[in-house]
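Q: Sharing a structure below in structure tokens format, with a few things to ask.
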Amino acid sequence: MSGERLDRFLANRGKGSRSVIKHIIKSGRVAVNGICIRIPEYKINEGDTVALDGNIVENEKYVYIMLNKPSGVVSSTEDPRDTAVTDIIGKEYKSLGLFPVGRLDKDTTGLIILTNDGAFAHNSLSPSKHVEKRYIAYVEGDVNDDTVKKFRDGIELKDFTTKSAELIIKEKKDGLTVAEVALREGKFHQIKRMFEAEGCKVVHLKRISFGKIKLDEGLDEGEYRLLDDNEREYVKAVSRGGAVQ
Ligand code: URA
């Protein structure tokens, strides 16, 4: 962080927009090496300790955001027609080069992680260690014990046979089956295609977990937050090449 401006340092670590951070600094809430600094342009150096309201701000170059993706938003960093997941994230994150880890269909809602940690994305998506992802699917048609077995044994699709997947029938509601599906792979439209192969149709799909990271139920669609310390510990372990669930 040699020579980095204090306001930029805090913005890049998700502490607020540049204008909010300027205000925070000017109001005396930020200290560098224990000394209150009220100058947003103040340059900090390697080894300096920055604290906000008495709490040390980790000098961490990677950012991890949990987003509850709404329907109608695409899982990319930009799109000529549609809103991209990175368009939803506040301006303070714009310069960080965030991208989504994996893809959800445009109409799929739920958990997607945005980061600038390429090793985490690579390790969590690599076929050899694909992390488990869980979804809630609302399905039309006859979903029964035989479907559960088919998901477990693998379903032959046109271009590949699926790996063993867990299907749990949760309830039957309004003519639909509500089911939980856990996959360790992520081919294009995979869950929709698996149900389709069994004569059923997914009418809504929501991702509820990615490895050990669970979608925060307090986040409405379109809302996001930084991963907390426990979640970051898991992500760091995956990033280093271990701890995949
Ligand atoms: N399976 C699908 O069919 N769609 C998704 O978005 C994710 C998994």
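The values are calculated or read from the model by the stated rules, or taken from the named source; none is laboratory data. As the structure is a prediction and not an experimental result, all values here were calculated from the model. Cβ: placed from backbone, ideal geometry, glycine included. Neighbour counts: every protein chain shown. These accessible areas exclude ligands, DNA and RNA; they are computed on the full protein's heavy atoms, side chains included. Shrake-Rupley method; radii C 1.70, N 1.55, O 1.52, S 1.80 Å.
Q: Once each part is reduced to its C-alpha centroid, what is the distance from region 175-192 to region 155-170 in angstrom?
A: 8
Q: Okay, moving on. Could you work out [θ]222 nm for the chain from helices alone, using -39500 (n - 2.57) per DSSP H run of at least four and dividing by all its residues? Round to the nearest 500 deg cm²/dmol.
A: -6000 deg cm²/dmol
Q: Turning to a different aspect of this structure: Count neighbours as other Cβ atoms within 10 Å of each site's Cβ, and list the chymotrypsin sites (Phe, Trp or Tyr not before Pro) in region 92-197 that are DSSP loop with at most 14 such neighbours.
A: F160, F188
Q: Using alpha-carbon pairs under 8 Å, 6+ residues apart, how would you state the relative contact order of region 4-56 in percent?
A: Worked out over region 4-56, it gives 36 percent.
Q: Using a cut-off of 13 Å between alpha-carbon atoms, which aspartates and glutamates can reach K129, once sequence neighbours fewer than 8 places away in the same chain are excluded?
A: Once the sequence-local aspartates and glutamates are set aside, what remains near K129 is E185.
Q: Among D142, D229, D105, determine the one that fluctuates most according to a GNM of the chain built with springs between C-alpha atoms less than 10 Å apart.
A: D229
Q: Suppose every Lys and Arg Cβ carries +1 and every Asp and Glu Cβ carries -1, with no other charges. What dipole size does the chain come out with about its Cα centre, to the nearest 20 debye?
A: The calculated dipole for the chain is roughly 560 debye.
Q: Over the heavy atoms of R5, what accessible area does a 1.4 Å probe trace out, to the nearest 10 Å²?
A: Estimated to the nearest 10 Å², R5 gives 70 Å².
Q: Under 23 Å between alpha carbons: how many lysine pairs meet that in region 25-109, if sequence neighbours fewer than 8 apart on the same chain are excluded?
A: Qualifying lysine pairs in region 25-109: 12.
Q: Here's another thing I want to ask about it. Filter K201/K236; K149/K236; K158/K201; K22/K236 down to the pairs with a C-alpha to C-alpha distance above 28 Å, please.
A: As for pairs spanning more than 28 Å Cα to Cα, those are K201/K236; K149/K236; K22/K236.
Q: Then there's this: Of the heavy-atom accessible surface of the chain (probe 1.4 angstrom), what whole percent is carbon and sulfur?
A: 47
Q: When the solvent-accessible surface of protein heavy atoms is calculated with a 1.4 angstrom probe, in what order do K15, K170, K192 fall, highest first?
A: K170, K15, K192
Q: Take D159 and K26, extend 7 Å from each Cα along the Cα→Cβ direction, and tell me the distance between the two endpoints in nm.
A: Here the modelled spin labels are 5.5 nm apart.
Q: Another question, then. Given contacts defined as C-alpha pairs under 8 Å and at least six residues apart, what's the relative contact order of region 133-210, whole-number percent?
A: 46 percent.
Q: For the chain, what's the relative contact order in percent, using C-alpha pairs closer than 8 Å and at least 6 residues apart?
A: In percent, rounded to a whole number, it is 20.
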